[in-house]
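The values are calculated or read from the model by the stated rules, or taken from the named source; none is laboratory data. Keep in mind it's a predicted model, so treat the numbers as computed, not measured. We place every Cβ from the backbone using ideal geometry, glycine too, and count neighbours over all the protein chains shown.
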Amino acid sequence: MDKISVEGGSRLYGRTVIGGMKNSALPVIYACLLIKDECIIENVPRVSDVENSLQILRGMGAYADFVGEHTVRIDASSVGGEIKDFPLVSKMRASSYLMGSLLSRFGEAHLPMPGGCNFGARPIEQHLKGFSYLGATCSEENGLITIKAKEKLKSAKITLDKISVGATINTVLASVLVDGETVIENVAREPHVIDLINFLNACGAKIVHLGSKIVIEGVKELHGIKYRIYPDMIESLTYMACVGVCGGEAELIGAEFSHISYVCDIFGKMGLEIKSDRERIIVKSRGNINGADVITAPYPLFPTDLHPQFAAMLCFANGGGTVTEEIFPGRFGYVAELWKMGAHIVREKNSVIISKSEMHAAELDATDLRAGAALIVASLGADGRSIVNNVGYIVRGYENIVGKISDLGGKIKFIKEI
Ligand code: EPU
């Protein structure tokens, strides 16, 4: 099993490039199934969730591959509606986007229950609710999902009971080619939702995102396009957290401030200095940060995907702080790992109360993607050499995390086990 070794305790100085947003690239890749034409997608991160998604599309008969360092070409003109690689679909949450795309293109979708990071139940009833409004019938038996439209899908007024990135995206995918006007209320407004809508509009769709609702005027077909994915906001914030605990100064080339201004404001109050222009964010820290209390919530508020890394930061913060998790109540796998490093963390229901701790190196196990990133943040700030196991989780969503932290001056190494 591959590992990452981190020698903590030194300041970070350097610059690195922020890649494309994983959670945008994935729905855009699955949206290409709606298009009988070639699409060129730029700024796609080389992470395993992307590689696996391209493999799923290839299994269905599409051309789907990297044709440049971060450029993907997808031609789904000749795909069939049958998914060949069920085990791969069950490994990943984003494969749920097959439901919306296949329902739209073939009038039906049969697939296993999508997987994803292991932090508790990940229900999909809101996705299915969206499809039902459009006239499809949905059923689940022995972990297999069947969605079927007896007749052509029809436009609808849909209200989701819960704000969900996945259900919003899937409902958009299913309705973009449906005649008439579909309105989806109570939608997610994360930058990745906007990125997908921008992509579809560039392909000829007529979609307007109005904050809490999305209005879709169905079009007959979509055409191929060249499109560039937004920079990854969680990758940017993770490296900012590294600078927060270590001190130093980092230039994050390509990072987009407007997507993360809510968190940057909190980082500012914790003592980080943040400057940005159109090409970069520069973050500076004396390594002597203040605590904060945060509650995760849908965008534009505090992102759940930064919860574990932020909790790791609080272990080094004067006065400590709290994180309350309102999106995924099971997202606390990192806590027991930080305990191994000496962290004072008390869990109470869906909150953690964290005090400033004497953090030391330890051998740690990543329990999911962002938990793995949190262990790297903590290891960079702690004295001594830590080892992070289960690197497979981290490479699902961070491209070359070792190279990028090395660019910033971090003493970090990838240990390939044969
Ligand atoms: N939910 C339901 N029913 C549904 C759908 C969602 O109850 O039918 C609940 C979820 O259990 C959760 C909340 O609604 O409590 C929000 O879930 P959402 O659907 O927004 O999450 P998701 O689409 O499954 C995406 C990202 C996650 C990110 C969340 C929230 C992808 C592939 N995944 O998941 O990313 O945490 O949105 O922003 O885009 C990550 O990158 O580490 C990651 C987990």
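Quick grid of which residues meet (1) more than 22 Å from Ala374 (Cα to Cα); (2) part of a helix (DSSP H, G or I); (3) in contact with a Gly (Cβ under 7 Å, 6 or more places away or on another chain); (4) at pLDDT 95 or above:
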| position | (1), (2), (3), (4) |
| --- | --- |
| Arg15 | no, no, no, yes |
| Asn23 | no, yes, no, yes |
| Tyr30 | yes, yes, no, yes |
| Leu33 | yes, yes, no, yes |
| Ile40 | yes, no, no, yes |
| Glu51 | yes, yes, no, yes |
| Leu54 | yes, yes, no, yes |
| Leu57 | yes, yes, no, yes |
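Taking the listed residues Ala156, Ala149, the one that is among the hydrophobic types (A, V, I, L, M, F, W, C), more than 16 Å from the ligand (Cβ to nearest atom), in contact with an Asp or Glu (Cβ under 8 Å, 6 or more places away or on another chain) and at pLDDT 95 or above is Ala149, with no other qualifying. Scanning segment 208-225 for residues that are assigned to a strand (DSSP E or B) and either surrounded by 18 or more Cβ atoms within 10 Å (Cβ to Cβ) or within 22 Å of the chain's Cα centre (by Cα) (or both) returns His209, Lys213, Ile214, Ile216. Within the set Thr182, Thr171, the sole residue that is among the β-branched types (Val, Ile, Thr), surrounded by 16 or more Cβ atoms within 10 Å (Cβ to Cβ) and within 13 Å of the ligand (Cβ to nearest atom) turns out to be Thr171.
Name the single residue, out of those in segment 368-394 being surrounded by fewer than 24 Cβ atoms within 10 Å (Cβ to Cβ) and part of a strand (DSSP E or B), that is modelled with the lowest pLDDT. Within segment 368-394, the match that is modelled with the lowest pLDDT is Asp383. Determine whether segment 267-275 contains at least one residue that is among the small types (Gly, Ala, Ser) and modelled with pLDDT under 95. Checked segment 267-275: no residue is among the small types (Gly, Ala, Ser) and modelled with pLDDT under 95.
Note on segment 145-161: residues that are acidic (Asp, Glu) and within 30 Å of the chain's Cα centre (by Cα) total 1. Quick one: Leu102 ticks every box in (1) within 12 Å of the ligand (Cβ to nearest atom); (2) not in a loop (DSSP other than H, G, I, E, B) except a single one, so which number is it? Unmet condition: (1). Residues considered: Cys117, Cys138. Of these, the only one that is among the hydrophobic types (A, V, I, L, M, F, W, C) and either part of a helix (DSSP H, G or I) or farther than 23 Å from Ile216 by Cβ (or both) is Cys117. Scanning segment 345-357 for residues that are touching a Gly at 6+ places or on another chain (Cβ under 8 Å), part of a strand (DSSP E or B) and surrounded by 16 or more Cβ atoms within 10 Å (Cβ to Cβ) yields a count of 2.
Once segment 229-245 is narrowed to residues that are more than 15 Å from Gly8 (Cα to Cα) and either part of a helix (DSSP H, G or I) or free of Cβ contacts under 8 Å to residues at least 60 places away in the same chain (or both), the residue that is nearest to the ligand (Cβ to nearest atom) is Ile234. For segment 141-160, residues that are outside any loop (DSSP other than H, G, I, E, B), surrounded by 13 or more Cβ atoms within 10 Å (Cβ to Cβ) and not polar (S, T, N, Q) total 5.
Residue-by-condition table, conditions (1) out of contact with any helix residue (DSSP H, G or I) (no Cβ under 9 Å at 6 or more places or on another chain); (2) within 16 Å of the ligand (Cβ to nearest atom); (3) within 26 Å of Ala121 (Cβ to Cβ):
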{"site": "Ala312", "(1), (2), (3)": "no, yes, yes"}
{"site": "Gly321", "(1), (2), (3)": "no, no, no"}
{"site": "Ile354", "(1), (2), (3)": "no, no, yes"}
{"site": "Ala374", "(1), (2), (3)": "no, yes, yes"}
{"site": "Ala382", "(1), (2), (3)": "no, no, no"}
{"site": "Lys404", "(1), (2), (3)": "no, no, no"}
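Among the residues making up segment 7-44, those that are farther than 23 Å from Lys404 by Cβ and either over 18 Å from the mean Cα position of the chain (by Cα) or surrounded by fewer than 17 Cβ atoms within 10 Å (Cβ to Cβ) (or both) are Cys32, Leu33, Leu34, Ile35, Lys36, Asp37, Glu38, Cys39, Ile40. Residues in segment 164-193 that are part of a loop (DSSP other than H, G, I, E, B) and within 15 Å of the chain's Cα centre (by Cα): Ser164, Ala188, Arg189, Glu190.
Residue count for segment 246-298, restricted to those that are assigned to a loop (DSSP other than H, G, I, E, B) and within 22 Å of Gly8 (Cα to Cα): 8.
Of the candidates Phe119, Phe131, Phe86, the single residue that is within 25 Å of the chain's Cα centre (by Cα), away from the ligand (no atom under 16 Å from the Cβ) and of a type in the set (A, V, I, L, M, F, W, C) is Phe86.
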